[in-house]
Amino acid sequence: MESPNGVSLEWFVQSSALTYILENVEGENGKEVAEVLAEEGETTSEEIANELGMKLGPVRSVLESLYEARATDFRRSRDDETGWISFYWWLNPSGALNYLARKKRSLLQKIKEKLQYERRTVFFACKNRCTKVEFDRAVELEFRCPECGGEMHRADNDGFVCSLEEKSEKLEGNFENRVREREGKAGGGI
Ligand SMILES: [Zn+2]
């Protein structure tokens with residue numbers, strides 16, 4: 001079944017994007033709930049609970065967690081006779097993919113800012129590397145490590161800069177993989 005924006009629900013249920021989102025979903029049946037939604041297209045939490053033999057509360061909390069990541073959407077429907085309000089839920093793959101893309105971009109931005117700061121700042125540390133401080137702070141401390149009392153010297157942070165660069169490249173690479181995956185060309189990780 002296709003969602004309204006053309007992303008296949010079968011693809012989405014098996015995708016690394018959903019796996020990533022489910023890692024932050026409370027409870028253990030997130031995948032099963034998503035599978036029922038993919039099968040049914042649109043359904044209520046009561047029907048999902050019946051189908052999976054689950055209690056209503058855990059089903060609702062999965063649906064709400066998925067909604068926070070924009071992986072589900074819902075509409076309310078009021079029964080004219082009984083006045084009873086039902087919630088109909090469905091999977092929203094493109095909402096989830098956009099949510100993840102935004103999240104990834106903001107993470108990447110944070111790493112890049114940190115990287116810039118690390119590149120342009122001179123740090124001081126003792127030989128045990130208990131902590132590293134900027135020049136002004138090192139002067140205040142009279143170049144004595146606040147933790148071990150050892151003398152502080154100019155510390156090279158190339159290793160840390162390198163690891164940040166790697167992290168940033170990896171994230172950018174994964175981001176490209178996921179875009180390819182979305183286009184159905186590859187099954188890379190998130
Ligand atoms: Zn120290």
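We did not get these values from a lab; they are worked out from the coordinates using the rules stated. Here the structure is a predicted model, which means the values were calculated and not measured. Counting neighbours? That spans all protein chains shown, and the Cβs are built from the backbone with ideal geometry, glycine included.
All other residues with a Cβ under 13 Å from the Cβ of residue 134 taken together, and with Lys, Arg as +1 and Asp, Glu as -1, what is their net charge? All intermediate terms of the calculation are to be shown ahead of the outcome.
Numbers: positive: 120, 132, 137, 154; negative: 118, 136, 140.
With Lys, Arg at +1 and Asp, Glu at -1, the neighbours total +1.
Below 8 Å, C-alpha to C-alpha, sequence gap of six or more: please give me the relative contact order for the chain in percent.
Relative contact order of the chain: 17 percent.
Going by C-beta contacts inside 10 Å, put 105, 78 in order with the fewest on the left.
On the way: 105 12, 78 9.
In increasing order of surrounding Cβ atoms, one gets 78, 105.
Would you order 16, 163 from fewest to most other beta-carbon atoms within 10 Å of each residue's own beta-carbon? If you can, show how the numbers build up before the last one.
On the way: 16 16, 163 10.
The order, fewest Cβ neighbours first, is 163, 16.
To make sure I understand, if each residue's beta carbon is the centre and we count other beta carbons within 10 Å, what order do 19, 82, 121 fall in, fewest to most? Mind dumping the intermediate values first?
Working: 19 14, 82 7, 121 11.
Starting with the residue having the fewest Cβ neighbours, the order is 82, 121, 19.
What pairs in 127/170; 31/167; 55/103; 104/167; 103/167; 110/167 have C-alpha atoms more than 22 Å from each other?
Working: 127/170 31 Å; 31/167 29 Å; 55/103 31 Å; 104/167 12 Å; 103/167 15 Å; 110/167 11 Å.
Flagged as over cut-off: 127/170; 31/167; 55/103.
Sort out the exposed loop GluC sites (Glu not before Pro) in the chain (DSSP loop, at most 16 other Cβ within 10 Å) and tell me the longest stretch that has none.
After excluding every exposed loop site, the longest remaining stretch is 82-141.
Select from 99, 48, 157 the residue farthest towards the positive end of the dipole of the chain; place +1 on Cβ of Lys and Arg, -1 on Cβ of Asp and Glu, and compute about the Cα centre.
My answer, from the dipole projection, is 157.
Quick check: net charge around residue 21, other residues with Cβ under 11 Å of its Cβ, Lys/Arg +1 and Asp/Glu -1?
+1
So for the chain, what percent of the C-alpha to C-alpha distances run longer than 26 Å?
Working: 9311 of 17955 pairs.
More than 26 Å apart: 52 percent of the Cα pairs in the chain.
What is the local net charge at residue 105, summed over the other residues whose Cβ is closer than 11 Å to its Cβ (Lys, Arg +1; Asp, Glu -1)?
Overall, the nearby charge balance is +4.
Return P(r) of the range 101-182 (all Cα-Cα pairs; 5 Å bins starting at 0; whole %; ordered from short to long distances).
3, 15, 19, 16, 13, 11, 9, 7, 5, 2, 1, 0
Does the range 27-82 classify as rounded, prolate or oblate by the C-alpha gyration tensor (a ≥ b ≥ c root eigenvalues; a/c under 1.5 gives rounded; else a/b over b/c gives prolate, otherwise oblate)?
On the way: a/c = 1.68, a/b = 1.35, b/c = 1.24.
Judged from the Cα gyration tensor, the range 27-82 comes out prolate (a/c at least 1.5, a/b above b/c).
Under a point-charge model restricted to the Cβ atoms of Lys and Arg (+1) and Asp and Glu (-1), what is the dipole moment magnitude of the chain relative to its Cα centre, in debye to the nearest 20? Before the final figure, lay out each step's value.
On the way: 28 positive and 36 negative charges, 229 e Å.
The dipole magnitude comes to about 1100 debye.
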